[in-house]
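Below is one structure, written out as structure tokens, with a few remarks after it.
The values are calculated or read from the model by the stated rules, or taken from the named source; none is laboratory data. Remember, it's a predicted structure, so these values are computed and weren't measured experimentally. With ideal geometry, Cβ positions are generated from the backbone for all residues, glycine too; neighbour counts draw on all protein chains shown. Note: accessible area is taken over every heavy atom of the protein model, side chains too, but ligands, DNA and RNA are not part of it. Shrake-Rupley method; radii C 1.70, N 1.55, O 1.52, S 1.80 Å.
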Amino acid sequence: MSSSSFKVIIVGGGPVGLTAANALHQAGIDFVILESRPNIVIDAGSNLVLLPMGLRFLAQLGLLEVFNNVSSPLGKIKRFDHVGNNLGDANFFIHHKENHGIAPRVVSRHALTQVLYDALPASAHARMHPNKKVRSIATTPSSATVHCADGTSYTGTIIIGADGAHSLIRSQMRSLALANPSTPPSLVNDDHPFLTTYRSLWIRFPTQSDLLPGDANETHGADLAIQTFVGEETSVIGMYERLPQPTAERLRFGPKDEEEFISRWGKLPLSEKVTVQDAYDSKVQSGLVSLEEGVVSNWSYGRIVLVGDAAHKFTPSTGAGCNNGMVDVVVLANELARVVKQGGETGMEDITAAFGKYQEKRFETVVEGCKGAGQATAMATWKSGVFKFVDLHVIGSKRVQRFFMERAAPGIAATPALEFVEEAGLPEGRVPWLKSQGLRAIKA
Ligand SMILES: Cc1cc2nc3c(=O)[nH]c(=O)nc-3n(C[C@H](O)[C@H](O)[C@H](O)COP(=O)(O)OP(=O)(O)OC[C@H]3O[C@@H](n4cnc5c(N)ncnc54)[C@H](O)[C@@H]3O)c2cc1C
């Protein structure tokens, strides 16, 4: 462990919080994780697609092999309309593999968090605390303290808010900014920074019938689109339904809403033989959630910094939300590793500079990613005549798909890696990964 007095309190033990634990462990920076659920690794939530940008982090930590054992590679995307007409395949995942040497893979949230948890030693597990719902935070000129619902509190040098889209840390950050009369208005985030235009019913169910592991099917049409990702044992669908009105308010749904959703859309096809109703009837798990969209303006205030869904929320159509959260952590960890002084105090100016550089390096990419995800959802749900036209007559073209992926490839190849961990065994494709500028020795 570090010889520095610098200590990070990570609030939230989801995929991004656990990525932060791994990155800080590699950097030799002390941390604790506080997670409100009863266990750090739980079997809940939709499956996730990890793209080359997220897989680079796992490769760097030597976790690719173990991850491959619990995930399935994705290839061709078959596209249908609501009545089963073929809209032409999409080869985006195949281009990812050609360009970067790694095929996108689908994994359950449970398996991903288990891989990230198991990568850490027992000494790190001892610093992960479930059943710790953070209620409030307070900062002083030299420290930051979080108070939990059970009456305990934890003090550290900084707080990383990895507590998801409805982040308490983000709202506490806002309250602290408002309470300080010298805070410029530009540093105060909106109370409701995200807009919800869609909601999603996701269903996990046993892989069946003509759905084959590795298949990725999409069903497109007015107001509703479906993505199906087929794994070895289970498959997952995400259904994206446009709401009558976008809203900035938090939406919550119950079992009745889910039933009503299925009665409306149950007949839609996932493949030639399987319908939404078939998937729902054999479900292992499901959930109806709102799909917030947006990027928070300020990702830090004082000793507090946001990562993952707490800082930005994408619609899931491009499978980029969690992937971007993992990259946030890489960039933040690199900046922290630069300023954490071994054997001494790290000053507030250093922390402010590190947080500033972190946001500067991530913001534009994340805004573009969020916009792209929104456009993909708008196109798949035929939000306007133009989107419908592009979906039906343009996006199915193999030349158009190749053009988009060629354009995206240099940005993907430039995905940041940890600057203090040797990169070995990273698969290579046509477009070489941009390597970091020499390894920095930062460990004590
Ligand atoms: C249907 C669907 C499909 C998706 N598919 C993909 C995909 O294919 N690829 C992809 O990259 N992304 C996908 N996403 C997005 C992805 O799920 C999120 O981007 C990702 O989960 C964000 O991780 P996170 O750790 O930042 O937040 P979360 O996953 O929300 O985790 C936050 C954690 O913080 C804890 N917490 C919250 N408040 C507190 C508190 N006060 N005190 C202590 N702990 C707290 C929570 O219990 C939770 O464990 C999808 C999302 C949905 C809804």
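Consider the stretch 303-330. How many of its residues are β-branched (Val, Ile, Thr), closer than 24 Å to LEU224 by Cα and near the ligand (Cβ under 7 Å from one of its atoms)? Don't jump to the end; show me each part of the working.
From the stretch 303-330, those β-branched (Val, Ile, Thr) are 304-305, 307, 315, 318, 327, 329-330; that's our starting set.
Narrowing the set further to residues that are closer than 24 Å to LEU224 by Cα leaves 315, 318.
Those still in the list that are near the ligand (Cβ under 7 Å from one of its atoms) too: none.
Of the residues in the stretch 303-330, 0 are β-branched (Val, Ile, Thr), closer than 24 Å to LEU224 by Cα and near the ligand (Cβ under 7 Å from one of its atoms).
Would you point out which residue out of SER209, SER235 is open to solvent by less than 40 Å² (accessible area, probe 1.4 Å) and either under 21 Å from GLY396 (Cβ atoms) or in contact with a Lys or Arg (Cβ under 9 Å, 6 or more places away or on another chain) (or both)?
Numbers: SER209 fails: open to solvent by less than 40 Å² (accessible area, probe 1.4 Å).
Just one listed residue meets the conditions, SER235.
Does the stretch 74-86 include one or more residues that are farther than 26 Å from THR315 by Cβ and open to solvent by less than 10 Å² (accessible area, probe 1.4 Å)? I'd like the intermediate steps shown before the answer.
Residues of the stretch 74-86 farther than 26 Å from THR315 by Cβ: none.
Within the stretch 74-86, not a single residue is farther than 26 Å from THR315 by Cβ and open to solvent by less than 10 Å² (accessible area, probe 1.4 Å).
So which residues in the stretch 177-206 are surrounded by fewer than 18 Cβ atoms within 10 Å (Cβ to Cβ) and either within 16 Å of the ligand (Cβ to nearest atom) or of a type in the set (Phe, Trp, Tyr) (or both), if there are any at all?
LEU195
I'd like the full set of residues that are hydroxyl-bearing (Ser, Thr, Tyr) and farther than 20 Å from VAL295 by Cβ, limited to the stretch 184-236.
Across the stretch 184-236, the qualifying residues are THR207, SER209, THR219, THR228, THR234, SER235.
Given the options SER171, SER186, SER209, name the one that is hydroxyl-bearing (Ser, Thr, Tyr) and on the phi > 0 side of the Ramachandran plot. So that I can check it myself, show each step before the final result.
Working: SER171 fails: on the phi > 0 side of the Ramachandran plot; SER186 fails: on the phi > 0 side of the Ramachandran plot.
Within the list SER171, SER186, SER209, the selection yields SER209.
Looking at the structure I just gave you, is ASP150 without any contact (Cβ under 8 Å) to a residue 24 or more places away in the chain, within 16 Å of the ligand (Cβ to nearest atom) and acidic (Asp, Glu)?
Working: without any contact (Cβ under 8 Å) to a residue 24 or more places away in the chain: yes; within 16 Å of the ligand (Cβ to nearest atom): yes; acidic (Asp, Glu): yes.
It is true that ASP150 is without any contact (Cβ under 8 Å) to a residue 24 or more places away in the chain, within 16 Å of the ligand (Cβ to nearest atom) and acidic (Asp, Glu).
Report, ordered by the first and then the second residue, all pairs with beta carbons closer than 9 Å, sequence separation of six or more or different chains, a first member in the stretch 276-291 that is assigned to a helix (DSSP H, G or I), and a second member that is open to solvent by 40 Å² or more (accessible area, probe 1.4 Å) and polar (S, T, N, Q).
Once the first residue is assigned to a helix (DSSP H, G or I) and sits in the stretch 276-291, its partners that are open to solvent by 40 Å² or more (accessible area, probe 1.4 Å) and polar (S, T, N, Q) give ASP278/GLN208; ASP278/SER209; ALA279/GLN208.
Within the stretch 204-221, track down each residue that is in a loop (DSSP other than H, G, I, E, B) and farther than 18 Å from SER317 by Cβ. Step through it out loud before you land on a result.
Filtering the stretch 204-221 down to residues in a loop (DSSP other than H, G, I, E, B) leaves 207-215, 221.
Across the stretch 204-221, the qualifying residues are THR207, GLN208, SER209, ASP210, LEU211, LEU212, PRO213, GLY214.
Restricting to helices (runs of 4 or more DSSP H) lying wholly in the stretch 339-416: which have 2 or more residues that are over 25 Å from THR197 (Cα atoms)?
Values: elements: 348-380, 385-393, 398-413.
So the answer is 348-380, 398-413.
When you scan the stretch 31-57, how many residues do you find that are surrounded by fewer than 21 Cβ atoms within 10 Å (Cβ to Cβ), over 16 Å from the mean Cα position of the chain (by Cα) and either more than 12 Å from the ligand (Cβ to nearest atom) or on the phi > 0 side of the Ramachandran plot (or both)?
Summing the residues that are surrounded by fewer than 21 Cβ atoms within 10 Å (Cβ to Cβ), over 16 Å from the mean Cα position of the chain (by Cα) and either more than 12 Å from the ligand (Cβ to nearest atom) or on the phi > 0 side of the Ramachandran plot (or both) in the stretch 31-57 gives 1.
Looking at the stretch 1-30 only, could you name the residues that are open to solvent by 10 Å² or more (accessible area, probe 1.4 Å), over 18 Å from ALA59 (Cα atoms) and more than 8 Å from the ligand (Cβ to nearest atom)?
MET1, SER2, SER3, SER4, SER5, LYS7, GLY28, ASP30
Applying the selection to the stretch 316-327, what residues are more than 15 Å from GLY294 (Cβ to Cβ), within 10 Å of the chain's Cα centre (by Cα) and part of a helix (DSSP H, G or I)?
Once the filter is applied, which keeps residues that are more than 15 Å from GLY294 (Cβ to Cβ), within 10 Å of the chain's Cα centre (by Cα) and part of a helix (DSSP H, G or I), the stretch 316-327 yields CYS322, ASN323, MET326, VAL327.
Being among the aromatic types (Phe, Trp, Tyr) and under 20 Å from the mean Cα position of the chain (by Cα) is the filter here; which residues of the stretch 228-256 pass it? First the steps, then the outcome.
We begin by selecting, within the stretch 228-256, every residue among the aromatic types (Phe, Trp, Tyr); these are 229, 240, 253.
Answer for the stretch 228-256, where residues must be among the aromatic types (Phe, Trp, Tyr) and under 20 Å from the mean Cα position of the chain (by Cα): PHE229, TYR240.
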